[in-house]
Amino acid sequence: MMSKEQSFREVFDRYRWDEVLESIFSKTKEDVELALSKEKRDLEDFKALISPSAKPFLETMAQMSAQLTKKRFGNIVQMYAPMYLSNECQNICTYCGFSMTNKIPRKTLTDKEIIKEVEFLKKKRYDHILLVTGEAHKTVGVEYIKNAIRLVRPYFSNISIEVQPLKQEEYEELIAEGLYAVLVYQETYHKEEYKKHHPKGRKSNFYYRLETPDRLGRAKIHKIGLGALFGLEDWRADSFFTALHLKYLQKHYWRTKYSISFPRLRPFTGGLEPKITMTDRDLVQLIAAYRLLDEDLELSISTRESENFRNHIAKIGATTFSAESKTNPGGYVVEPETLEQFEISDERSTEEIAEMLRSQGFDVVWKDWEKSW
Amino acid sequence: MTAPLKIADKTFQSRLFTGTGKFSSSKLMREAILASESELVTVALKRVDVHNEEDDILSHLNHKNIHLLPNTSGVRDAKEAVFAAQLSREALGTNWVKLEIHPDPKYLLPDPVETLKAAEELVKLGFVVMPYIHADPVLCKRLEDVGVPCVMPLGAPIGTNKGLKTLDFLEIIIEQSNVPVIVDAGIGSPSHAAYAMEIGADAVLVNTAIAVAKNPVEMAKAFKMAVEAGRMAFESKLAPVKRSAEASSPLTNFLDDE
């Protein structure tokens with residue numbers, strides 16, 4: 001009954017989307033009260049906390065989440081900056097500005113251009129960087145990424161990537177070069193709908209993507225970032241599966257840290273309208289539910305979110321912020337005019353965001369890792 | 001009826017494991033063990049004459065419901081433990097071994113470094129290794145990584161009957177473990193055993209508290225009932241202890257009505 005699974009696929013295949021959804025929607029007020037009163041919560045409690053029955057408890061959840069966050073993280077918020085290296089992509093993703101069929105000029109940064117962008121971000125004090133590419137094996141394959149890590153390593157204490165899923169050995173190579181974290185979002189855990197949103201390219205292989213965090217765990221990565229893209233399918237069911245994935249990974253790859261991101265579908269040129277909208281209220285409920293499930297979890301909020309939302313969410317439970325992000329390769333200085341992956345919402349400068357956080361009593365942390373480790 | 005417990009290739013109906021030490025006679029030991037309905041009974045290799053079929057302890061344990069779990073009590077390091085396990089496999093015909101390495105003769109506290117080393121080697125040699133360890137969550141994960149089918153953290157120093165002194169750490173171990181967690185050592189009364197089961201331990205091992213009771217047979221029955229009650233309560237999901245959140249200035253008023 002308690003055997004060690006080989007990959008998350010074995011766990012995942014025991015669940016059915018419709019049953020999960022039904023189970024979440026059948027949670028009652030009593031289930032929510034029970035979940036709130038517990039010291040340690042499980043995934044059934046998480047379901048109750050993200051269910052419609054928890055809506056009247058939102059303020060209580062936010063208060064509890066705020067207390068737990070303060071207890072575990074104190075009064076700090078960490079800052080990071082994304083840096084897009086390339087918009088070349090061989091995948092078709094219905095919701096993405098870089099999708100292969102989108103007729104946009106393609107651009108991949110050269111070494112010189114990477115350094116130019118780096119120098120801009122360093123002036124802004126950033127010390128944690130997230131390198132982002134599309135999936136194009138000839139131009140931005142593992143060799144390109146390795147080279148990029150080598151180039152930026154002297155400038156940053158902490159390097160993360162958000163690129164195509166790689167093999168375990170490839171991750172091991174990149175970790176040896178100084179890679180700290182990998183962000184890999186499943187987009188949606190709805191297997192059939194996933195196929196519709198990813199009809200072509202390597203990304204159309206649902207299970208290969210699903211098992212990517214297993215490969216990362218085996219490669220002993222420091223941190224894995226998980227998430228679902230909200231707007232494709234029901235956010236509650238997708239969040240349950242994300243939490244299930246998280247709990248599985250924590251048990252199997254216990255040396256690794258985890259973070260959760262909450263990307264909501266944003267407008268972009270030639271873009272898809274969200275099938276399901278997730279309101280600000282929903283997102284606050286979800287963030288508080290994650291904090292109540294796991295008080296150590298890093299919760300990351302990007303510039304996809306509005307000023308008003310970002311002004312209030314650190315107090316409730318978010319621990320990591322980006323600011324002034326550009327979602328196009330060379331967007332900071334090299335070629336600010338290239339097409340973005342999506343339009344950001346909070347356009348305030350890094351300084352303004354830092355000041356907003358400080359005015360709420362937060363210390364803004366730029367460096368929280370030592371690269372010589 | 002509570003769920004059975006599976007460890008390696010064996011399935012146990014009883015979640016109470018027992019031992020053979022400290023009984024006033026082998027006959028009483030047998031009666032108490034049968035009364036406990038325990039199916040896994042640990043026996044110290046150092047106490048038995050493995051080459052003698054007439055050995056007093058071994059002959060009293062000869063029963064279809066009793067699986068023997070030889071333990072390495074008395075060894076001081078990994079090398080000796082591996083040797084002891086091999087000896088027991090040869091003589092007793094079982095590849096199950098309770099790995100106990102406690103070089104400290106006073107409190108008999110287990111040596112984590114030697115235990116991990118021995119566990120890794122014994123797993124490679126094909127043993128079903130049940131390691132007796134301090135309630136150390138990281139050590140439990142390290143042992144899981146080398147392939148042990150369960151972990152046996154202690155509740156209190158062996159033979160002390162002090163109960164679950166390591167409670168907070170046992171809870172972390174139970175939360176994190178992918179393998180069954182058996183609370184071993186320190187359980188002095190049926191209420192301790194029931195509590196261990198209520199917090200989600202998969203089984204408990206009790207020896208001294210039964211052997212040293214005025215009436216070991218009745219005490220064995222009491223532990224059997226306590227373990228069953230605790231497990232049943234765990235499976236039935238205990239009602240929560242009520243807590244309330246403190247009020248402070250509102251955090252969600254910024255949300256527009258949607």
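Numerical summary
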item: Sparse-neighbourhood loop sites, trypsin sites (Lys or Arg not before Pro) in the range A:47-148 - DSSP loop, at most 12 other Cβ within 10 angstrom; result: A:Lys103
item: Space enclosed by the convex hull of the alpha-carbon atoms of the protein assembly as shown, per residue, Å³; result: 164
item: 25 Å Cα-Cα reach of B:Lys224 towards lysines, excluding residues that sit fewer than 8 places from it in its own chain; result: B:Lys6, B:Lys10, B:Lys22, B:Lys27, B:Lys64, B:Lys98, B:Lys162, B:Lys165, B:Lys214, B:Lys237
item: DSSP bridge pairs, chain A: antiparallel proportion in percent, nearest 5; result: 5
item: At most 15 other Cβ within 10 Å, DSSP loop - GluC sites (Glu not before Pro), the range B:142-198; result: none
item: Those GluC sites (Glu not before Pro) in the range A:317-373 that DSSP places in a loop and that have at most 11 other beta carbons within 10 Å; result: A:Glu337, A:Glu370
item: Partnerless cysteines, meaning none of the other Cys C-beta atoms lie under 4.7 Å away, in the protein assembly as shown; result: A:Cys89, B:Cys140, B:Cys150
item: Sorted largest first, extent of chain A alpha carbons per principal axis (Å); result: 59, 46, 42
item: Angle in degrees between helix B:26-36 and the longest Cα principal axis of chain B, rounded to the nearest 10; result: 30
item: Approximate shape of the range A:260-373 as ellipsoid semi-axes (Cα gyration tensor, √5λ), whole Å, largest first; result: 24, 21, 14
item: Rg(Cα)/(2.2 N^0.38 Å) for the range A:175-222, N = residue count; result: 1.32
item: Equivalent ellipsoid dimensions for the range A:103-210 as semi-axes, Å, which come from the Cα gyration tensor, largest first; result: 27, 16, 13
item: Residues listed by number, the range A:215-236, amide nitrogen under 19 Å from A:Arg153 label point at 7 Å toward C-beta; result: A:219-223
item: Percent of Cα-Cα distances greater than 16 Å, calculated over the range A:241-323; result: 57
item: Shape metrics for the range B:148-258, restricted to C-alpha atoms - Rg then Dmax, Å; result: 19.2, 70
item: Debye intensity ratio I(q)/I(0), log10, the range A:182-274, q values 0.12, 0.19, 0.24 Å⁻¹ (C-alpha model); result: -0.38, -0.90, -1.28
item: Volume per residue that the Cα convex hull of the range B:89-181 spans, once the total is divided by residue count, Å³; result: 101
item: Coarse-grained scattering of chain B at q = 0.16, 0.17 Å⁻¹, given as base-10 log I(q)/I(0) from a Debye sum over alpha-carbon atoms; result: -1.18, -1.35
item: Beta bridges per DSSP with both ends in the protein assembly as shown, % antiparallel, nearest 5; result: 10
item: Per-selection Kirkwood Rh - the range B:163-219 (Cα, Å, 1 d.p.); result: 11.8
item: Too-long pairs where the Cα-Cα distance tops 21 Å, listed order kept, from B:Lys79/B:Lys124; A:Lys47/A:Lys257; A:Lys112/A:Lys367; A:Lys40/A:Lys71; result: A:Lys47/A:Lys257; A:Lys112/A:Lys367
item: Cα pair distances exceeding 23 angstrom across the range A:1-154, given as percent; result: 65
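Values quoted throughout were computed directly from the atomic coordinates according to the rules given, and no laboratory measurement underlies them. Please read all numbers here as calculations on a predicted model, not as lab measurements. Note: ideal-geometry Cβ built from the backbone for every residue, glycine included; neighbour counts use all protein chains shown.
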